[in-house]
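Comments concern the structure below.
The values are calculated or read from the model by the stated rules, or taken from the named source; none is laboratory data. Bear in mind that the values here come from a model prediction, so they are computed numbers and not experimental data. Quick reminder, even Gly has a Cβ in these numbers, built from the backbone with ideal geometry, and neighbours come from all protein chains shown. Quick note on the areas: whole protein, heavy atoms, side chains included, nothing else; ligands and nucleic acids left out. Shrake-Rupley method; radii C 1.70, N 1.55, O 1.52, S 1.80 Å.
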Amino acid sequence: MKKKINHIRNKAAQVLLLFLAMTSLFACKEDREVLAGLPEYEHHYYIVYMPNNNSAVTVKRSQTALLELPVQFYSEFERNYDAVAQYVVSVEGINNPAELGKDFEVVDASGNKISPIAGKYQMVFPGAKKAQAKIYIKLLNNTAATGRRSVAINLVDNIQEQFRVDVFSTAFKRTVNID
């Protein structure tokens, strides 16, 4: 009798393991597969920070070289229009925020201050062609500031009639800590 009960338990355990394995296979499958060439994705692009994460960068406030934040623009096509990615300066949720104009400026590759349009900075990708680019930050050596000051440079979605530039949740934010 004891042998029969053990046999039933072993069979029940095997059935349960098989059920769990099959359930996990079906749970991992997406509802819809994305196929190359679907019209709704032909003008859909992505911008992400490189490396592909949301890590922070720490710099000295006295740094004279421009801080370069590399990004990757993903596209499989070349178009007859320019795709525009956007980013914002954010201090939301930061306890000791860095101040734009006092601690840092957003600049171009030559160090010239650039201004946002409706609160958003733009990066233009000619022909919507896959490319790498950089966001440049110039530190202003604010010696009056005490302690660490921080700011987040966040990539944001840009949805236009002609195209869409999205971000990855794993690589849209770069916090800059200024010591």
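Tabulate in residue order the Karplus-calculated ³J(HN,Hα) for the stretch 61-77, using 6.51 cos²θ - 1.76 cosθ + 1.60 with θ = phi - 60°, rounded to whole Hz; enter x for Gly and Pro.
5, 8, 4, 9, 6, 5, 7, 10, 10, x, 10, 10, 9, 9, 7, 10, 10
Ignoring solvent entirely, what values of log10 I(q)/I(0) come out of the Debye formula for the stretch 65-162 at 0.22 Å⁻¹ when each Cα is a single scatterer?
-1.20
Could you grab the relative contact order for the stretch 38-141? Cα pairs under 8 Å, six or more apart, rounded to a whole percent.
That works out to 41 percent.
Could you sort LEU69, LEU140, LEU100 by their accessible area in this structure, using a 1.4 Å probe and putting the largest first?
Largest accessible area first, the list is LEU100, LEU140, LEU69.
Take every DSSP beta bridge with both residues inside the stretch 80-179 and express the antiparallel ones as a percent of the total, to the nearest 5. It would help to have the intermediate numbers written out before the result.
Working: 24 of 26 bridges.
Beta bridges within the stretch 80-179, antiparallel portion: roughly 90 percent.
For ALA83, which sequence-distant residues (separation of 5 or more, or a different chain) have an amide H within less than 5 Å of its own amide H, given hydrogens modelled in the peptide plane?
Amide H to amide H, under 5 Å and 5 or more residues apart or across chains, ALA83 pairs with PHE125, GLY127, ALA128, LYS129.
Short version: what are the Cα gyration tensor semi-axes of the stretch 51-98, square root of 5 times each eigenvalue, largest first, in whole Å?
29, 15, 12
Put +1 on the Cβ of every Lys and Arg and -1 on every Asp and Glu Cβ in the stretch 67-179; which of ALA85, VAL71, PHE168 then has its Cα farthest towards the positive end of the dipole?
VAL71
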